[in-house]
Amino acid sequence: MKMQKRIFLAGGFFFTCIAGTLLHFVYEWSGRNFLVGLAAPVNESTWEHLKMLFFPTLVWMLGWQIFSGKSVQGLWAAGTVGISAGMLTVVTFFYTYAGVLGRNWLPLDVFSFFLGVFVIFFVAGKKWNGYADGGWQNRLAAIALVLLALCFFLFSYWSLPIGLFKEPAL
């Protein structure tokens, strides 16, 4: 199990880094397709950039569950905690550094993405054994992931009038 866990965590980190980076451009590449915009960033807001962490990690977790051929104890609970921590890291890092500098800076934006991906898989790895029974925690995690995905879908095109959903001034 330890080797499988290491492969999941390392593979997930690299997959999410690559897929998330590509996801940044997919909406434009699609000709601004509405359906693509549900999962890919439609603008430069912080909220939209969280999709670059969420959806590739979700795809990695689904793929791992499907191709492992069995139930992976604690995967969904640990992954959900990791995703939450990674997204919180990106938001906190972005608004902290942008507040200090008075503006956003692309190299730090890129760094925040990779830092967020690292946090996802670091936290998931630390929490995994804590959810070894898998049962109700995985079910609760699945509900949380579905609700979060629905929020991404909804707020992609009908966002709230707060800073998280606004494009930063360059």
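Quick notes on this structure:
- Prolate/oblate/rounded label for the stretch 1-85 (Cα gyration tensor, a/c 1.5): prolate
- 14 Å beta-carbon shell around Gly82, net charge (K/R +1, D/E -1): +3
- Other residues whose C-beta falls under 15 angstrom from the C-beta of Trp47 contribute a net charge of -2, scoring Lys and Arg +1 and Asp and Glu -1.
- When shorter helices are ignored and each DSSP H run of at least 4 residues is given -39500 (n - 2.57), the per-residue value for the chain at 222 nm works out to -26500 deg cm²/dmol.
- Principal-axis analysis of the Cα atoms of the chain puts helix 2-29 at an angle of about 30° to the longest axis.
- Excluding ligands, DNA and RNA, the accessible surface per residue across the chain is 55 Å² with a 1.4 Å probe.
- Between Leu154 and Thr92, the modelled labels are 2.6 nm apart [label points 7 Å from Cα along Cα→Cβ].
- Nearest-0.05 FRET efficiency for Lys126 and Phe14, computed from C-beta distance (R0 22 Å): 0.70
- On Cα atoms only, tilt of 135-157 relative to the major axis of the chain in degrees: 20 degrees
- Cα gyration tensor shape of the stretch 78-170, rounded if a/c is under 1.5, else prolate or oblate by comparing a/b with b/c: oblate
- Neighbour net charge for Ala124 - beta-carbon separation under 13 angstrom, K R +1, D E -1: +4
- For Leu147 and Val36, the FRET efficiency from 1/(1 + (r/R0)^6), where r spans their Cβ atoms and R0 equals 25 Å, is about 0.70.
The values are calculated or read from the model by the stated rules, or taken from the named source; none is laboratory data. The structure displayed is predicted, hence computed values, not measured ones. In this analysis, Cβ positions are derived from the backbone assuming ideal geometry, glycine residues included, and neighbour counts consider all displayed protein chains. Side chains are part of the model used for accessible areas, which takes the heavy atoms of the whole protein and leaves out ligands, DNA and RNA. Shrake-Rupley method; radii C 1.70, N 1.55, O 1.52, S 1.80 Å.
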